[in-house]
1. Set Lys and Arg Cβ to +1 and Asp and Glu Cβ to -1, take the dipole of the stretch 461-569 about its Cα centre, and tell me which of Leu520, Ala480, Tyr540 lies farthest positive.
2. How big is the dipole moment of the chain about its Cα centre under a simple scheme where the beta carbon of each Lys and Arg is +1, that of each Asp and Glu is -1, and everything else is neutral? Debye, nearest 20, please.
3. Would you mind working out the accessible area per residue for the chain, using a 1.4 Å probe, and quoting it in Å²?
4. Separation of the stretch 619-645 and the stretch 656-706 by C-alpha centroid, Å?
5. Loop-only chymotrypsin sites (Phe, Trp or Tyr not before Pro) in the stretch 485-554, please: DSSP not H, G, I, E or B, and at most 15 other Cβ atoms within 10 Å.
6. Under 24 Å Cα to Cα from Lys65, which lysines show up? Leave out anything in the same chain fewer than 8 places away.
7. Based on alpha-carbon centroids, what's the gap between the stretch 29-81 and the stretch 126-162 in Å, whole number please?
8. Taking the dipole about the Cα centre of the stretch 1-152, with the C-beta of Lys and Arg at +1 and of Asp and Glu at -1, give me whichever of Ser56, Ser18, Ser69 is farthest to the positive side.
Amino acid sequence: MANFWQDLRFGIHLLWKSPGFTLVAVLALALGIGANTFIFSVVNTLLLRPLPFPHSEQLTSILVKDADSGELFSSFSFPNFEDIRDQNQVFTHVAAINMSTTFLRVGDEPERLRGALVSADLFPLLAIEPVIGRTFSREEEQSGTPVVVLSHQLWQRRFNSDPNIVGQSLLLGSQHATVLGVMPVGFKFPVGEQQVDYWMPLISNIPARARASRGAVYLSLFARLKPGVQLTQAQAEMDLLANQLATQYPGPNTGLNIALVPTHERLVGNLRPALYVLLGAVLLVLLIACANVANLLLARASVRQKEISIRTAIGATRWRIIRQLLTESLLLAILGGIAGVLLATWGIELLRSSPPADLPRVAEIQLDQNVLWFSIGLITLTSLLFGLAPALQASRSDLNQNLKEGTRSAGGGITQNRIRSLLVVSEIALSLVLLVGAALLFHSLQRLLDVSPGFDSNNVLVADVSVSAAKYPQPSQQSAFFGDALERIEALPGVDAVGAVYPLPLGGTFIAYTFDIEGLPPFPPGEQPVADRRVVSPDYFRAMSIRLQKGRSFNQQDHAQALPVTIVNETLARRFFPGEEAIGKRIIPGEGGQGVACEIVGVVGDIRHEGLDVEPGPEYYLPYQQTSVSFMTIVTQTTGSNPTVLAGPVRNAIRAVDKDQPVFNIRPMTQLVDESVAQRWFNMALLGSFALLALVLASIGIYGVMSYAVTQRTREIGVRIALGAQSRDVLRLVLSQALVLTFAGLVVGLAGAFALTRFLSTLLYEVKPTDPKVFTTVAIVLGAVAISACLIPARRATKIDPLEALRYE
C-alpha cells in the first residue's frame, strides 16, 4: 500500500508538471465517459429499471393483435373488458383505462387537466396506496357517485398541499366531484403519458350506450398475473377466451386476437432499437478517446525513456515501472470520469427540461447507484484500455541505448510506431462507422421532411375549444357556439380562412368506425372495413389547404335537418369504388349497416394523420352541424408569416361568445408537424453529435501521430533536404504515410459500417442501411478531414533547416 501511495503522489506531481498533456487527455476522456454515462442513465431508466410498482414484473398489458399486420392495439369494448375480468383464472386484477381531459374551474380562467377514467381495480392492481385519503371502490364506481383521486403534483400546484383536501368538492368540467385522496409523489399511470392529473371512475363517466356496445372499442386493459403464473400460461387462457367471445358475440368479436405483453416491454419496446444504437455509438466514441489518450501516452513515454532507464538502472523492476505508469493512467481516467459525470449531469438536466414528446419516464432519469457503478467501471476499464499498451511498451526499454546522450530516436522504435499507427487506423475506422450512421439518419429525416402531409401547416394557428355539456346539452347549441366563434374569428384582421375539426391531424387523437356501403350486402362479421372519421366545418379544407379533388365541399345548407352528407378521401374512394364514381354513393357508418346512410358529395386529397411516415388510410368527413361534438380544434389560416400574433385575438373572439368555455393549446400548426418527427430528430441529433465528436478526436489523433513522426524523422528529413530534396518531395514523403493510414482506416471503417448499419434499418425511412451514396460521401469527407489534419506537420517538415537538424543530432 505504501508503494501505491508513493506511485499516486509521483503521478500527481508529473501530471501537474504537464498541464497541456493532462488537459487534453482529461478532456478526451471526459467526453467519452460523459457520453456513455448520459446514454446509460437513459438506458438504465427506460430498459433496465423496473416500473415503480411492487412486483412490477407481474404487470401485463392486454392488447388486440391485428391478424394481418401483427400490430398491437389498446382497444377493447366495455363488455369485453368485463368478460375478461370476470372469466379469467390467471389474473389477480384486471383494470380498464380511458384517457380523458376536463377543466378545473377555480377562478376566472379554467385550467385544462389531463387524467384517466379507470375501473376501481386499478389501484389494487398497482398495489399503491394514496398518501392521504383513499381510492374509490367498485361499489362507488357502480353507483355513479362523482368522485376523484388527485395526483400529488396537482395537489401541490393548485391546492398548496392542503391536508384537508379530502372531502372537498371540485368543479371538474360541468360536474362537482368529491376528492377521495391524493396519490404519492411521482405516481403516474399510465406511465407513458406525459401528464396525468387525476383518476375518476370509468362507469360514471362513460355514456351508457358506449358501455353496452361491443363494437365501441376505446379501453386500454392492464392486469396483474397471479403468483406463479407464467405469461405463456395466461396467453393460452386468453386464446381460449377470445374464441369464446367470437363464438358468443360474432361480428365485433370475429377474428379477435388477444395478446399479452409485459407492461414494461409495451412501454419501451419501440425505443429499444434506438437506445441500443446510441449506446453502441457512445462506446465507439469512448474507444476513439482511449486511442487518442494511448497515443498521447506513447508519445510521452518516448520523452520519458531516459527517466525510465535510470529507474531501471537503480533497481526498479519491470512490474514496478508498469505499475507506476498504470497509476498515472488511472489518475487520468479518474479526472476524466469526474468531468464526464458532470457533463452527463448537465445532459440529463437538459433532456429533462425539453424531452421528446414520446420518451417516457424522463422525470425518473438520474445518476443513481447503477449509473455511478457503471461510471466507476468505465473509469477502471478505460485506464487499462489506454494505459496498458503504452506501459508495456515503455517498460521494454533498451537501457544502454536510452542512456546515450543526444539520441533523438530513442523512443521511436518500429513497434511503438506500429502501435501508434494502428491506433490511428482504428480511430478513423470507428469514426467512419459513426459518421455513416449519422448520415443515414440525417438522409432518412430529410426524406421524411420532404413528405407532403396533404395540408399546408405554414401560417396556420390552431386552438382547442371544449364546450360544457351542462350549459350546451343539445347538439344544435354546441354547433351554434362553434358557428358563432368561427364567424367572429373570420372577421379578425389578418385572417384568411378559418375552420374547425375533430380530431386534428397529427394531434394524437384517432377515431375510427366501421362502415358499410349502401346497395351492397353488409360485410361479413370481422371483415367490415374501418375508416377514420373527422367532423369539420365548411371552410376547414380551405383553411388547411386540403385539395378538393371532386364534387363540392360542405356549406351552411348541410345543417341538422338536411340530408346526411359526407366527404371521403382519395384512398377510400379508390379502394371501395374502384373504376367508378364515388360521388353520389352512400356509406353507412356503424355496425351491421344500422347507422344513417351519408351521401358522398366530395372527394379530397389524402392527409397523413398519424405521422409523416404513416401512409394515409380510408377517411371520411362529416359536417359539424350534422354530428354532435363538444370538442373541436379551430384552425385559422393567417395572412402573416407569424400566426402566433393572432393567438390573443383568436382567444378573445372565442371568449366573446362565452367566457366560461375554455380555450387552450393555442399553437402554430408547424409545431405539431415538428413534434411528429421529434423522436427522429432526437436520434439523429444525438448520433450526429457523437459522430462529430469522433471526427474531432480522430483528427486530433492523426495530427498527433504525424506531428510526432515528423519530430522523430527530423534528422532524416534534414539529410534529404541537404542532398537536394525539394519542399514538394518532403511534403509527398510525409503525406504518403498519412495516406496509407487514412486509406487503411477507411477500408476497415467501410467494412465495419457495412456490417453494423443494418441495425439502423428500423430507424430509417425510405433509405437503405447500405446506401452507396452515403457511404461514398462520408468516406470522401472523412478522408479529406484526415489529410487536412496532416497538412500542418507536413508543412512544418518542409521548413526544417538541415544544418540545425544535423548539428542537433
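The values are calculated or read from the model by the stated rules, or taken from the named source; none is laboratory data. What you are looking at is a predicted structure, and each value in this text was computed from that prediction instead of being measured. Counting neighbours? That spans all protein chains shown, and the Cβs are built from the backbone with ideal geometry, glycine included. Please note that ligands, DNA and RNA were not included when accessible areas were found on the heavy atoms of the full protein model with its side chains. Shrake-Rupley method; radii C 1.70, N 1.55, O 1.52, S 1.80 Å.
1. The one lying farthest along the dipole's positive direction is Tyr540.
2. Details: 65 positive and 65 negative charges, 847 e Å.
Charge dipole of the chain: 4060 debye, to the nearest 20.
3. On the way: 36380 Å² over 809 residues.
Ligands and nucleic acids excluded, the result is 45 Å² per residue.
4. For the stretch 619-645 versus the stretch 656-706, the Cα centre distance is 28 Å.
5. On the way: sites: Phe510, Tyr513, Phe515, Tyr540, Phe541, Phe554; in loops: Phe510, Phe554.
Passing sites in the stretch 485-554 are Phe510.
6. Here the lysines satisfying the reach criterion relative to Lys65 are Lys226.
7. Measuring centre to centre over Cα atoms gives 26 Å.
8. Most positive-ward Cα: Ser18.
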